[in-house]
Ligand SMILES: *[C@@H]1O[C@H](CO)[C@@H](O)[C@H](O)[C@H]1NC(C)=O
Ligand SMILES: *[C@@H]1O[C@H](CO)[C@@H](O)[C@H](O)[C@H]1NC(C)=O
């Protein structure tokens with residue numbers, strides 16, 4: 001009886017969630033900035049930037065706040081990090097991983113909150129030129145939440161510098177490492193990669209084409225400024241640059257997904273915004289700014305996530321996006337103490353399942369001939385061995401029939417498909433159990 005009262009209380013939350021859904025923002029625009037902030041200790045490298053690095057770093061933070069970019073990636077944010085953060089005002093910022101030789105120099109300042117933040121060190125570095133092995137350079141990953149149920153996977157990076165053979169090999173290995181990470185984490189998702197790639201299209205062996213070839217990413221500069229033409233002759237930018245035509249190693253690459261239409265609308269060196277009062281530069285790199293427009297998918301959308309950041313990423317989006325109008329024939333869960341597995345069978349017979357083989361199976365066949373579809377789901381999360389995961393799921397169909405598995409907790413959320421849409425698949429993270437879960441919606 002007690003459990004039922006808890007569930008009724010949770011159902012009251014449903015209306016709020018559904019009311020919120022009606023008001024959900026489904027399109028918008030945002031700006032991003034990539035800037036190498038030249039924050040190595042002055043005695044190691046003055047970056048040929050005039051003035052005092054602490055003062056310059058405070059001014060960089062002031063400019064971040066003034067121009068209000070939605071997501072900023074910094075590289076070489078080492079020993080003057082606190083000065084940048086002291087004047088910047090972005091609400092979501094990564095904690096520094098330290099100065100030289102402890103940190104990677106990578107940080108994110110954002111208007112968007114995120115789920116997951118990971119710092120990954122390069123597998124390969126080269127001392128051939130520069131001191132790339134001195135400090136643990138690498139890449140970072142986060143899934144930024146642009147709006148309710150709207151996410152983009154965001155990667156910052158600082159690849160190996162130098163132009164000797166060993167440098168180029170290390171750099172190509174670095175970029176390939178990010179490309180593999182995108183395949184592993186971001187299948188079916190929109191992706192933004194921006195940072196200091198230390199690469200040029202005109203230098204063979206840098207490996208920058210890996211993102212187009214392996215991940216289907218577009219370089220926003222090639223698209224917006226160069227009309228799709230990949231440069232064949234090397235150009236070098238002045239600093240501050242007076243033109244957008246010259247190629248820099250700081251690059252912005254991206255892709256849309258069936259869940260999120262994403263387009264680069266503007267690309268610029270925002271160099272003139274980042275100058276000292278006397279006109280001198282603040283960094284030895286030109287800052288790169290890109291404006292994006294976005295809209296939720298017209299054929300597929302997703303819910304928010306529930307559960308914790310454990311297990312292997314999975315997504316039904318690649319399978320679902322290949323189908324004209326996916327409909328669910330049967331829903332199947334496994335659960336006991338916790339939620340072990342979530343699955344479903346599509347009308348065309350495709351079976352999708354995620355998680356392990358434990359628990360008891362619960363199954364519901366939908367009356368597809370009378371138009372019944374899966375309208376909303378409730379998830380409850382809890383802690384097991386100090387890690388958050390999903391303990392309970394309840395599906396409710398368009399005709400009010402339900403299917404449940406696992407054990408309800410007091411920490412629950414309800415995800416309702418937009419009006420006229422239904423749940424047709426899953427994405428999240430799973431292992432033996434369903435650690436983190438979100439739902440894929442399609443029109444019914
Ligand atoms: C690079 O140089 C550092 C410092 O001399 C050394 O500790 C490191 O092992 C070197 N790494 C490689 C890959 O050569
Ligand atoms: C982005 O949009 C803002 C506002 O319209 C504009 O001021 C800025 O120049 C644009 N930047 C780029 C890189 O297109």
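Shape class of the stretch 288-346 from the Cα gyration tensor (axes a ≥ b ≥ c, square roots of the eigenvalues): oblate, since a/c reaches 1.5 or more and a/b does not exceed b/c.
Annotation: for a label point projected 7 angstrom from Cα along Cα→Cβ of residue 169, residues of the stretch 109-127 with backbone N closer than 13 Å are 124-127.
Label-to-label distance for residue 402 and residue 65 is 5.0 nm, based on points extended 7 Å past Cα in the beta-carbon direction. Were the residues from residue 361 through residue 387 laid out at 0.36 nm apart, the gain over their Cα-Cα distance would be 7.0 nm.
Kindly state, to the nearest 0.05, the FRET efficiency for residue 118 paired with residue 176, given R0 = 22 Å and r defined as their beta-carbon distance. E between residue 118 and residue 176, to the nearest 0.05, is 0.80. Note on residue 93 and residue 293: the extension gain reaches 69.7 nm, defined as 0.36 nm multiplied by sequence separation minus the Cα-Cα distance. Relative to a virtual label point 7 Å from the Cα of residue 111 in the Cα→beta-carbon direction, which members of the stretch 286-306 show backbone nitrogen distances below 16 Å? Within reach of a label on residue 111, which here means backbone N under 16 Å from a point 7 Å along Cα→Cβ, the stretch 286-306 contributes 289-295.
Helix 165-185 and the longest principal axis of the C-alpha atoms of the chain enclose an angle of approximately 20°. With contacts taken as Cα pairs under 8 Å and at least 6 residues apart, the stretch 131-223 reaches a relative contact order of 27 percent.
Tell me whether the stretch 116-234 comes out rounded, prolate or oblate; compute the Cα gyration tensor, take square roots of the eigenvalues as a ≥ b ≥ c, and use a/c under 1.5 as the rounded threshold. Verdict is oblate for the stretch 116-234. Result for the chain in a Gaussian network model with C-alpha springs under 10 Å: among 370, 397, 26, the largest mean-square fluctuation is at 370. Modelled spin labels at residue 325 and residue 275, positioned 7 Å past Cα toward Cβ, are 5.9 nm from each other. Across the stretch 17-296, C-alpha contacts under 8 Å between residues 6 or more apart give a mean separation that, scaled by the residue count, equals a relative contact order of 20 percent.
The calculated P(r) of the stretch 17-296, using every Cα pair and 5 Å bins from 0, goes 1, 6, 13, 18, 20, 18, 14, 7, 2, 1, 1, 0 in percent. Computed from Cα atoms, the angle from the helix 53-67 axis to the main principal axis of the chain rounds to 50 degrees.
Eigen-decomposition of the gyration tensor built on the alpha-carbon atoms of the stretch 244-400 gives equivalent ellipsoid semi-axes of 45, 22, 13 angstrom, largest listed first. Considering helices alone, the calculated mean residue ellipticity of the chain at 222 nm is -5500 deg cm²/dmol, with DSSP H runs of length four and up weighted by -39500 (n - 2.57) and normalised per residue. Against the main long axis of the alpha-carbon atoms of the chain, helix 2-22 sits at an angle near 50°.
At full extension, residue 409 and residue 52 could sit 123.0 nm farther apart than now, given 0.36 nm per residue minus the alpha carbon distance.
Mean-square fluctuations from a GNM of the chain, with a 10 angstrom spring cutoff on Cα atoms, peak among 110, 303, 129 at 129.
A short reminder: the numbers here are calculations on the coordinates, not readings from a lab. In this text, all values refer to a predicted model and were calculated from it rather than measured experimentally. Counting neighbours? That spans all protein chains shown, and the Cβs are built from the backbone with ideal geometry, glycine included.
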